[in-house]
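Some notes on the structure that comes next.
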Amino acid sequence: MPFKKNIHDVRRSPLEISEKELSSLTSDMIDAHEGTKSVSREAVANWQEVSGVATQALSSEFSRRRLLAFGGLAAVGVAVAGVEMHTPGIAAAASSKSAPIDVRVAALAASLENLAVYTYSAGLKAATAGKLGTVPPAVATFATTAMAQHADHADVWNSTLKSAGYAKVTKPDPKELVTVNNAFAKVTTIAGLAELALLLEGVAAATYLEGLSVVTSSAAKATAASIQPVEMQHVAILRFVLGEYPVPSAFASTAMSRPLSDNPYL
Amino acid sequence: MTRNQPDRSQRALLEESTDLHRDAMRQTNVVLDELVERHDDQHSVDPDEAADHAAALRASITERDEATSSSSMLASAGVAGAMAAGLVALSASAASAGTPTDIQILQTQASLENLAVATYGVALTLPFIGGSSAIPVVKAFVTQTKTQHLEHAQTFNAALRRLKGKPQNNPDPVLLKVVNAAKPKLTTPSAVVALALELENGAAATYVKYVATLKDPASKSLTASIMGVEAQHVAILLAVQALIGAGDASMITLPPPLASLPSVAGSVGFPQPFFSIAQARPATEGAVN
């Protein structure tokens, strides 16, 4: 695409950002991030309130038909850097029914958030090491801020898992991790990193949109509803960075949603 | 912007986009037809009215298609496909009377969309937004965003008809006063962006707040599919506002001058990890009396 070429051209006339500057930026972001903690704590409190509901919201309210639809929609292939994302299919999704639906969605969401944190962290490390060429300040700020927000999202989902008596999901989904690692190994430019981030953000937004239609507790709905728009905002800014029209669709899509079977922990 | 004379690769992209768009249009028309047939079969609304609605939707898509074709910057595959996705939720479930609360929420949501359409329409009459002195990307964004809000209003009203509620074709009465009070002060791009932000934040927050309240699954899915798009409008408006405020309006281009963008441009579009509902409108504010 011609847009991408321009981004690569931009990279050749760089505004260098040093490791020290990146560290300082990160520190600033941490300070700024603290300002949003009250929102996060409120969300956690809401989740603690719902933990009892979550454990009672058994999958009886989650029809097999809807579960199949969830897995079926998720079976759409997603490719980045020539690597197809894992698509386990309907049967695999339907077989994972050991925990209440809200808990399983929370675990899946946490694993996706962890994957995003992992990817942005790896990207920032690669950038700091000079492996991606020069890093525009706006891109560094984006990655640092988005990473912090994904960590907040993971915290909220893990709070509800813990409150409901389940183990926290502190690692990325191992299946998707392999895919991302394979894709990341081929990333040599900031534009390539942005493409990978765009995929992950799109997957997260689609999964939340799908999740909203299956979770049963009001708190789970409220949490997913408060996060999905933020992932969509990440998508819009990434598209802008990549030189693409930032809001191309009037309606968000569930096409890239991940299936519940992606979560290996429950 | 140097896109008046597209090169070979751009033309190829446009052709590919047009092909994909044509395919998506086909899909959209199928969904629209199903929607009309379903209405017809169930006699939930006047079939002529449903057909008119479908025709209006098609017209809006055609209008957008023409706008897309006329500007390579807006060329984007799958736009109509997403439109279809939003309507699938409506056509996939049988019509039945909605709860009073659902109907009030949908009417309020339609009223917010109607106000956004009207406000962006006014903005486009201003020379620095829709005229010769406009920033091209801002003009294109306002044009496209107005069309998206029109589609949102039409689908909310389609949902209302399906639930046997009255469509809402008027703007939110409370925010309308805000817009009317702001009109004389819309003398700069910053003022327009600030007003648009208020409307977009209000819409997004309203949908985030009430999506869990809606009982009708199709209406819930529809609202959920729109709230993130309004949040994206917020993100881009915040970035534009920051760049204009910093005197960097020349950087509002596609692609942007990435190396030169100020650091804040990377994060200003998503100020909080959880979308705030502080600006949500009351559920009954735009209800039809």
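About its Cα centre, how strong a charge dipole does segment B:97-289 have in debye, to the nearest 20, once Lys and Arg get +1 and Asp and Glu get -1 at the Cβ?
Dipole of segment B:97-289, to the nearest 20 debye: 400 debye.
The candidates A:Tyr166, A:Tyr245, arranged from most to least accessible area with a 1.4 Å probe in the full protein assembly, appear as A:Tyr166, A:Tyr245. When nucleic acids and ligands are ignored and a 1.4 Å probe is applied, B:Asp216 ends up with an accessible area of around 20 Å². Mean projected area of the Cα convex hull of segment B:97-289, taken over all directions, amounts to 10.7 nm². Here's the picture: charge each Lys and Arg Cβ at +1 and each Asp and Glu Cβ at -1 in segment B:97-289, and of B:Pro271, B:Pro167, B:Leu195 the one pushed furthest to the positive end of that dipole is B:Pro167.
For segment B:216-231, 3J(HN,Hα) computed residue by residue from phi via the Karplus equation (6.51, -1.76, 1.60; θ = phi - 60°) reads 6, x, 5, 5, 5, 5, 5, 4, 4, 6, 9, 4, x, 5, 5, 5 Hz, glycine and proline entered as x. For segment B:97-289, carbon and sulfur atoms together expose 60% of the accessible surface, with a 1.4 angstrom probe and every protein chain in place. Solvent-accessible surface, computed for protein heavy atoms with a probe of 1.4 Å, shrinks by 20 Å² or more for the following residues of segment B:180-218 when the other protein chains are added to the isolated chain: B:Val208, B:Val211, B:Ala212. Using bins of 5 Å that start at zero, the share of Cα-Cα pairs per bin across segment B:108-151 amounts to 6, 28, 29, 20, 11, 5, 1, 0, in whole %.
Around A:Thr119, with a cut-off of 14 angstrom between Cβ atoms, what is the net charge of the other residues, counting Lys and Arg +1 and Asp and Glu -1?
Computed value for this residue: -3.
A cut-off under 14 angstrom between Cβ atoms defines the neighbours of B:Phe270, and their net charge, with Lys, Arg +1 and Asp, Glu -1, is -4. Annotation: peptides A:231-239, A:211-219, ranked by per-residue average of other Cβ atoms within 10 Å with the highest first, follow the order A:231-239, A:211-219. Using a 1.4 angstrom probe on protein heavy atoms only, the contact between B and A buries about 4900 square angstrom of accessible area, both sides summed.
The values are calculated or read from the model by the stated rules, or taken from the named source; none is laboratory data. Everything quoted here is computed from the prediction, not taken from an experiment. So basically every Cβ, Gly included, is an ideal-geometry build from the backbone, and we count neighbours across all protein chains shown. Heavy atoms of the whole protein, side chains included, go into the accessibility calculation; ligands, DNA and RNA do not. Shrake-Rupley method; radii C 1.70, N 1.55, O 1.52, S 1.80 Å.
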